[in-house]
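*Asks:* The structure is given below, and queries will be raised subsequently.
The values are calculated or read from the model by the stated rules, or taken from the named source; none is laboratory data. Worth saying up front: this structure is predicted, and the values here are computed from it rather than measured. Note that each Cβ is placed from the backbone with ideal geometry, even for glycine, and that neighbours are counted across all protein chains shown. Side chains included, ligands, DNA and RNA excluded: accessible areas come from the protein's heavy atoms. Shrake-Rupley method; radii C 1.70, N 1.55, O 1.52, S 1.80 Å.
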Amino acid sequence: VALDAINVVYTKSADIILLFSQDQDFVELAEEVRLLNAMHESRIKIATAFPENQKFRGIDKTDWIRFSRQDYLNCLF
């Protein structure tokens with residue numbers, strides 16, 4: 001996942017990196033994406049998707065995008 005995200009920043013092949021995870025280990029990836037954005041004059045966002053109305057939270061240092069529970073499940077499969 002991290003290598004793919006870094007590749008997106010280098011190639012500027014997307015506008016957003018969307019993680020369907022709550023694993024706080026991805027904070028380091030978020031920090032690296034932000035650093036590389038600054039170095040390469042990119043504006044690629046990194047965000048976390050999670051279902052609303054749950055006790056979930058996004059990964060720190062990412063934008064948080066809440067989905068309906070059904071939309072969230074549809075994206076996972």
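*Asks:* I'm trying to understand the selection: among the residues of region 42-70, which are closer than 12 Å to Leu18 by Cα and among the polar types (S, T, N, Q)?
*Replies:* The answer is Thr48, Thr62.
*Asks:* Is it the case that Asp4 is in contact with a strand residue (DSSP E or B) (Cβ under 9 Å, 6 or more places away or on another chain), open to solvent by 60 Å² or more (accessible area, probe 1.4 Å), in a helix (DSSP H, G or I) and at pLDDT 95 or above?
*Replies:* Considered against the rule, which asks whether it is in contact with a strand residue (DSSP E or B) (Cβ under 9 Å, 6 or more places away or on another chain), open to solvent by 60 Å² or more (accessible area, probe 1.4 Å), in a helix (DSSP H, G or I) and at pLDDT 95 or above, Asp4 comes out as yes.
*Asks:* Checking the structure you have, find out if any residue of region 31-41 is free of Cβ contacts under 8 Å to residues at least 12 places away in the same chain and at positive phi.
*Replies:* Yes, region 31-41 contains at least one residue that is free of Cβ contacts under 8 Å to residues at least 12 places away in the same chain and at positive phi.
*Asks:* Tally the residues that are outside any strand (DSSP E or B), over 15 Å from Ala2 (Cβ atoms) and modelled with pLDDT of 85 or more, restricting the search to region 38-69.
*Replies:* Of the residues in region 38-69, 9 are outside any strand (DSSP E or B), over 15 Å from Ala2 (Cβ atoms) and modelled with pLDDT of 85 or more.
*Asks:* Give me a count of the residues in region 10-66 that are open to solvent by 80 Å² or more (accessible area, probe 1.4 Å) and in contact with a Gly (Cβ under 6 Å, 6 or more places away or on another chain).
*Replies:* The qualifying residues number 1.
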